[in-house]
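The values are calculated or read from the model by the stated rules, or taken from the named source; none is laboratory data. Just so it is clear, the model here is predicted, and its values are computed rather than measured. We place every Cβ from the backbone using ideal geometry, glycine too, and count neighbours over all the protein chains shown. Accessible surface is based on the protein model in full, side chains and every heavy atom, while ligands, DNA and RNA are left aside. Shrake-Rupley method; radii C 1.70, N 1.55, O 1.52, S 1.80 Å.
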Amino acid sequence: MGDGALSVWERSSTARVVPSARPRKLAKVPFVELADGRLQGVVSSGSDIGRVYVSSVEAGTYAFACSTNNNRPCGGARGSFCNHIRALIGEAVLQYGAERVVRYLKVDVPGEEADAHTVTGAMVSTRPAQGDSSAAAQVFSRFLRHLAYLEFEPTTAPLPEMQWFPTTRAVA
Amino acid sequence: MRADLLTDVVDGLDEALAAVDGFDEALVDGLLRPQPAQAVGLAGLADAVAGSPLAGRVAEAAEKTAAGAAGEDHFVALAAARTALLGSVHDALLVRVEEAVGRPRAEAGGDTAAAGGAEHAVNLHVAARSWLCDLARAGWRGIDHELVSGAAAVVSAMLPEPGLRRLATLLDGFAAELAASCPGATLEHVPVRRWADLWSRAMLLTLPGAGSAPAVADVTGRLLPLGVDVQEHATAVQAQVHAVFEPADGGASRLVRASVSAPKPDSVVGAGLWQLLRPHLSLLAAVSEGRAMELDAMPVTAEGDLLWDDARARTGEPAEVFTTARVALPSAAASPTAPLDRHPARIAVPVLLEGYGVEEGEDGPAFLVAGERLAVDVDRVPAAGPLTPEVVAGSGACVGLLRWDAGAFVLQPLAVERTVRKKAVAVHAGAWAGGTSDKAGVRAEKAATDTVTVLRERAGRLLRK
């Protein structure tokens, strides 16, 4: 921007800043997001239909945490990523694309093609520490907030503000 | 269409936009401790509105802000000045479009300013404004997760309230973009104009009555759809049907829109959007079936937005979009834009183009209309539909929305006609709005149904404990 002239993208009112999520199956991982400096989400338990795991990986340090919604620690998340966290990373790559996940988590993927496998491998190889699960309650409440979006009444009053958010064929 | 008018210079446009850019660039580094260059941008904005009723308040606001001593009222004044400037840009562009298209504009139906507007939720407006002012002080380069997450509580409190849906939806989409861009200090590029747009608009929507757009009349007659425009961010979607309305009393026909919108979880995308909206706007089914609708006392705003009520509409005779565009569109008058909506991003003028050449560029196809190049924004065509960039490129006629962004007019295709075995075949962007038997469409519908089923099952188990 040195000379003060803005690029076309910078002068656009409707520039796409966040691409839409790609469609994915939600059965195993109903919720995933890149927020609060973490990849975080909710993973359904394979054995108990009423139980979910709240899992997260911190950007930069890859400090990981996994516990149930009743705050019991996940048995698998000792020493390294458990299967819930691995599933979470896989679904994040599906929903947001590997590139955005890599950028957000600041992962250094050797070679050129980043995918769920190489992204997970690159993080595990740094031997990340187990983080505390203090964020679990917050992540779970964000998931409940997310679910609440299904409950709001649609309206036929116009929302002129949506003119700034055109749909886009391009996905993450 | 006089396409040459669309590429001609518009007097005063560059000057107005330069004043806007100056202010927008001041927001990049934040207004907590403004540097001399930012003070210049602020003064430029004040100068640009010096001949308007805003002059005194904006001059004071620019001065206080440059000194790092701005209060909320000063930020509101700056947002108003920027909005007024872009309003003038909107007006100049729209005059140009009307000349190019050669259609009438309806008389302004008296004062369209929002009069009523419930005085509810004053404290939510105050909370939103306070967050926006913190943003302005931090600047886009100064945003972090803590600052951005301050919007979540305000949005959650606003969303259940239909009267606050506009501001809530705007803040929700804006905050999500900011969150995805944190920390601002390491951002490679900043969407300078866009974020200043969203910020100013949100600021003004925190003022009492700003967001109200009441019905001014009930209309009875025939509605002929032209096409569907879809807008979405991660947690909201809106579909707007553009149509020609022919009053039953034989009065002049006019351009109208019918909208339906809803908040949504971010994993509901593609065909899932249609599923969410379909049950609340019977018009979407009529669009897919290629039919007109008969309206009986449907409320309409001064801007030409129908406040749709399924009980006041019934499906009518078959109505082909290209016939509507050729026969009814040329004499349909557009309504004046509401004061707060006067912004270039709001321009969406239905047009019919025929006999153009197609040029494949790096950024998608462009139409050559009477020797002028008009970029085609194929990216705005919804993914859950049969209209693809390839179909657009192979077309011979197009019904679309003329828009303006980043210094140029662009065309958003709503439907195209192409010749298959010597017969004209129409392909509509919104063909799947009401449902589809198309193979790919059915698959997309099934996947979308599964998504919502899983979310509802999870919600049922976990939400109400």
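A few points about this structure:
- With a Cα cut-off of under 18 Å and a minimum spacing of 8 residues unless on different chains, the lysine pairs in the protein assembly as shown number 4.
- Euclidean distance between Cα centres, region B:231-278 to region B:358-374, Å: 28
- Partner chain coverage, peptide B:123-136 - average Cβ within 10 angstrom: 0
- Summed over qualifying helices (DSSP H, 4 residues or more, each -39500 (n - 2.57)) and divided by its residue number, chain B shows a 222 nm mean residue ellipticity of -12000 deg cm²/dmol.
- Two-decimal ratio, region B:370-465, of alpha-carbon radius of gyration to 2.2 N^0.38 Å: 1.48
- Once Rg and the Kirkwood radius are both taken over the C-alpha atoms of chain B, their ratio Rg/Rh works out to 0.96.
- Pairs of Cα atoms farther than 19 Å apart, region B:248-298, %: 41
- Counting Cβ atoms of other protein chains within 10 Å of each Cβ in B:256-268 and taking the mean gives 6.
- Our compactness index for region B:289-410, the C-alpha radius of gyration over the empirical 2.2 N^0.38 Å, is 1.22.
- Drop in accessible area of at least 40 Å² in the complex versus isolated chain, residues of region B:371-412, 1.4 Å probe: B:Asp379, B:Arg380, B:Asp405, B:Ala406
- Pairs of alpha carbons in region A:62-171 whose separation is greater than 19 Å (percent): 60
- Normalising the Debye intensity of the protein assembly as shown to I(0), with uniform scatterers on Cα atoms only, and taking log10 at q = 0.09, 0.10 Å⁻¹ returns -0.77, -0.95.
- Calculation over all alpha carbon pairs of region B:1-117 in 10 angstrom steps from 0 returns a P(r) of 13, 36, 26, 19, 6, 0 percent.
- Whole-angstrom gap from region A:81-145 to region B:29-69, using each part's C-alpha centre: 44
- In region A:30-52, burial by the other protein chains removes 20 Å² or more of 1.4 Å probe accessible surface, compared with the chain on its own, from A:Pro30, A:Asp36, A:Ile49, A:Gly50, A:Val52.
- Rg(Cα) / (2.2 N^0.38 Å) computed for region B:217-276, rounded to two decimals: 1.42
- Annotation: peptides A:16-22, B:2-8, B:167-173, B:311-317, ranked by per-residue average of other Cβ atoms within 10 Å with the highest first, follow the order B:167-173, A:16-22, B:2-8, B:311-317.
- What a 1.4 Å probe finds exposed on region B:213-465 is 52% carbon and sulfur by accessible area, rounded to a whole percent.
- Shielding by partners, peptide A:21-29 (average Cβ within 10 angstrom, other chains): 6
- Directionally averaged projected area (convex hull, Cα atoms, region B:141-283), nm²: 10.9
- When the alpha-carbon atoms of region B:213-465 are used, the pair Rg, Dmax equals 18.6, 65 angstrom.
- Ordering of A:30-36, B:233-239 by packing [mean C-beta count within 10 Å, highest first]: B:233-239, A:30-36
- Here the scattering of region A:114-172 is modelled by Debye summation over its C-alpha atoms, one equal scatterer each and no solvent; at q = 0.25 Å⁻¹ the log10 of I(q)/I(0) is -1.05.
- Across chain B, Cα pairs under 8 Å and at least six residues apart give a relative contact order of 14 percent.
- Equivalent ellipsoid dimensions for region A:1-150 as semi-axes, Å, which come from the Cα gyration tensor, largest first: 29, 19, 14
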